[in-house]
Amino acid sequence: MGLQNRSPRANPEIEAIHGFPCNANMGVTIRRTMALFCWCLLSFALAGKALASGTPSLPGLTSGIAVLTDDSFALSLDDILTPQRQKEFRPVASGNFNFGFRKTAIWIKLSLRGTADARGILSVTSNFLDFVDIYVAPPGKGSETADFSDFQGGDHRPPPMNGISSLDNAASVIFKAGKQTEIYIRIANTNSSTLFSLRLEDAEGHDYRVLANGAVYGLWFGGMGILCLTQLVFFYFVRRAEYPLLALSTFGVILIYFGNLGFSHAYLFGGAGAANDAFIGFNAWAGMAASAVAYNKILRTRRRAPWLNKALKFCALFGLVGAGLSLAGYTAQFGPYGSTLSIVGVALVTVESLRQWRSEGVASRMRAAAFCVMAAGATLGMLSRLGLDLFSNWTFHAYGLAVLIQTLLLTSSLAVRLRDVENRNRVMQAQALRSAQTAERIAAQRVEERTRELVEARHTAEEALQAEMQSQLLQVRFLEVISHQYRTPLAAIRSSIDSIALALPAHDAKNHDRINLIRRSISRLVELLEANLIRSRLQGPSFRPRMATIKAGSIVLAAHQRVQDQLNDTEIQLVMSEDAHAVTIHADAEMLEIAIINVLENAVKYTSLQGRGAITLSFQRQGSHAVIAVADQGIGIPAQELPHVFGNMVRGSNARTVEGSGLGLFLVARIIEAHGGSVEADSVEGKGTTIRMILPIAFNL
């Protein structure tokens, strides 16, 4: 496999990265780039010193060279030495040969006349040729096969062990002054482009070239390796697809040159030439696929150039097909098409990069320059691989040099962009800080305003509460005055009625009944005054029961008696269990009695609407609680309204025609809750209601 299998290397476009640490110094980056470029040029110039005309003691290669092609691959040295075949050799003027992907064996004839007694080293490069045979005859001989010594090389054979080089296809040649030295070279290449050069050097020149090449190759491999790692470092900080794609493409180019320069043959595959060919071909075309995908990311073609996006996707697919064919041994058949598509793809990408020249300032211009360098190097390299003998053999390394310069420029572009992003981040952070400070000041002002409003609202609420409490206190005092003022005349009336009763004859039953009615009415009026006074106290915010430990049964009996006295025409049944008489509770007797009376009055009022049924007041002990229940057979409460019956000012929708305020059950619930108990209501509309007041038991006396 050869250099012709390489594809343009992908370099991702640097996206805006917020918060990425970068302190790129462009001056340093550019100086280092130029220094590396100059070093590469100088090294190549020094390494090619022996290409032109040899050394003073060795003949030059500018004359005495002829070539013959063998499409059958069947000619041997015996055949070549026949007069008929000797006539088929055609002279050439250079030691550089480019047959492209043509599948043929090449015979090179060198007839060199010695200018002095000397020993030279003849080498054939490149190092991806399948079979290389160098036949060397002693000076003055070369007419018969037995005169020649055979030096074998090529990547389909084990690395040469002739002591000259494990990488070079080289042979030792002896020259005598005035005598002709005959050399035949056979090149058989079956699965790659046939491109090679001849060098004739003395031992010192050969060593110097090997040393210079080693320095250049080491510098190139080291630089590409560092750039590959740099892209992975960027990916570590910024997870964008183009960074690993760029690293993968860079690594692919490294592997291609690792094969093209003979390292894979020497250190990995030995004489396994097919494996070495597959290794180089697979890396070349897989690199083409990675490059196409990376270019899409770099130039953002999906949004900016959809047509190029589709073209590069096709190139990526084509590269994957080429990688598969390389593994199957069809690199030579695929190579011309892949190389042509690579040139077209690089040209399209370069045009698009130039179109985006001004899109991102210095970074986009450096990126465009990188693609231009890449386009020039790739075009020269690919055209050479295709067999166009338009350029000197230095184009063998044009692609590698272009890749290195392109990668350096793209890395510098990345540094510029990251620096710009860092500057923008600093500006944005400063703006964000100012915005945050402004927002904080506005928020503090609003908090102060809301705090003042809340303080004012609290003062208003406190004043309103104070006014309400004062109003309720005045109401209570008013009722206390009314109660006191009514008690005196009522007491006088009661005293007068008692005197009249004493004066009446015993047989005057009618008047005695009237006297008793007046007495009951006076008692009821007094109780009503007291009940209203207590209700007024209960509704106030300062309501506090005066608790004492008392027998609950006595409160129930007192409430029953008072209601019976007030409503003597109503039947109220009292039911008390035997164990309930001794039950004690912590209660305000007066308030609890008012609660029971309120429930009984409600029962009497709503039962009278039905005109039937008795009312039951029951008291029993249930575990640790005393339960006082009032059951009636009145109009009942609608089921959907039952959960709300203990609310303030709440009345049933079926009791609109009955006089009332909706405060009765609300006051009952408030009294029971003040005693640590609870109130429950069960009702069926049209059948009756049961109210249960549940209180905790204190202890038994």
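Assorted remarks:
- The label-point distance for Arg546 and Ser57, in a model that sets each label 7 Å from Cα toward Cβ, rounds to 13.8 nm.
- Simple rule: put +1 on each Lys or Arg Cβ and -1 on each Asp or Glu Cβ in region 545-696, find the dipole, and look at Ser554, Ile672, Gln622; the Cα lying farthest toward the positive end is Ile672.
- Computed over all pairs of different Cα atoms, the Kirkwood value for the hydrodynamic radius of region 188-250 is 15.0 Å.
- Extreme residue, positive dipole direction of region 157-232, given options Ala171, Thr194, Leu229 (C-beta unit charges): Thr194
- Separation in nanometres of the label points that stand 7 Å from Cα toward Cβ, at Ser359 and Ala461: 6.1
- Length gained when the stretch Val351-Tyr267 is fully extended (0.36 nm per residue, less Cα-Cα span): 26.2 nm
- Alpha carbon convex hull of region 166-291, projected area averaged over orientations, nm²: 9.8
- Violating pairs (Cα-Cα greater than 29 angstrom) within the set Lys103/Lys141; Lys510/Lys687; Lys87/Lys179; Lys87/Lys141: Lys103/Lys141; Lys510/Lys687
- Nearest-0.05 FRET efficiency for Gln431 and Arg452, computed from C-beta distance (R0 25 Å): 0.20
- Extension gain for the segment Ile697 to Ala506, taken as residue separation times 0.36 nm less the Cα-Cα distance, is 63.8 nm to one decimal.
- Eigen-decomposition of the gyration tensor built on the alpha-carbon atoms of region 292-344 gives equivalent ellipsoid semi-axes of 25, 10, 7 angstrom, largest listed first.
- As a size descriptor, the averaged projected area of the C-alpha convex hull of region 65-201 was calculated at 7.8 nm².
No lab work stands behind these numbers, since they all come straight from the coordinates. Remember, it's a predicted structure, so these values are computed and weren't measured experimentally. Backbone-built Cβ (ideal geometry, glycine too); neighbour counts: all protein chains shown.
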